[in-house]
Amino acid sequence: MVKKTILAICTLFLLNIVTPTLKAKALTFGELPTKQTSKQWSVQVGEAEQDKGLIKPEKGKFHTYSLKVDNIGKDVLSAEIHMFRNEPNSTTKFALFGCPPDNPCREIDTNEQAISLAKQLNDGYPYKFSNFLLAEKATELEVEIVWTQKGSEGRPLKETFTFTAE
């Protein structure tokens, strides 16, 4: 009888330790805006704009946020910004935005856009994405910046900023 009681207490104790680690975590930000910086970039995730015509969060499906990227380092020649989310139980990352079906990416001069974005960032105007969707099941948001430095045009640089569930 004493052995069964001790075994039951030990089992309950172990379950109390293990159970919290088994809970699924969704990517939620405790406080917005949240920011990460490097020597070159400042990346901030904030509350989404809620203007008419913009998507609204949908409980059980997705949240909405905004993104602001500032160049706080040296001037850049070209810049591209990509956003990805993870999928539970998968090593694949999913892009948060792409090209619309009626305007395929291959028809867009991405080099021209990268140069235009770099000029905007160099002039002190941040890249702003006022309202984007993030699936509730995501536990990670990855913002990837690929750029070329003036004087090193043939060698792209990349930094990744990862925001994870709290």
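What follows draws every value from the coordinates through simple rules; no lab data is involved. What you see is a predicted model, and the numbers here were worked out from it, not measured in a lab. Neighbour counts are summed over all protein chains in view; Cβ atoms, including those assigned to glycine, are modelled from backbone coordinates with ideal geometry.
What ranking do 145-152, 63-70 get when scored by the average of other Cβ atoms within 10 Å per residue, highest first?
63-70, 145-152
May I ask you to compute the full-extension gain from K56 to D75, defined as 0.36 nm times their residue separation minus their alpha-carbon distance, rounded to one decimal in nm?
Answer, rounded to one decimal: 3.3 nm.
Based on the Cβ-Cβ distance from I115 to Q36, what FRET efficiency comes out when R0 is 25 Å, to the nearest 0.05?
Once the sixth-power term is evaluated, E becomes 0.50.
Limiting things to C-alpha atoms, what are the Rg and the maximum Cα-Cα separation (Dmax) for segment 25-164, in angstroms?
Calculated on Cα positions, Rg and Dmax stand at 15.7, 48 Å.
How much length is gained if the chain between F97 and E47 is pulled fully straight, taking 0.36 nm per residue apart and subtracting their Cα-Cα distance, in nm to one decimal?
16.2 nm
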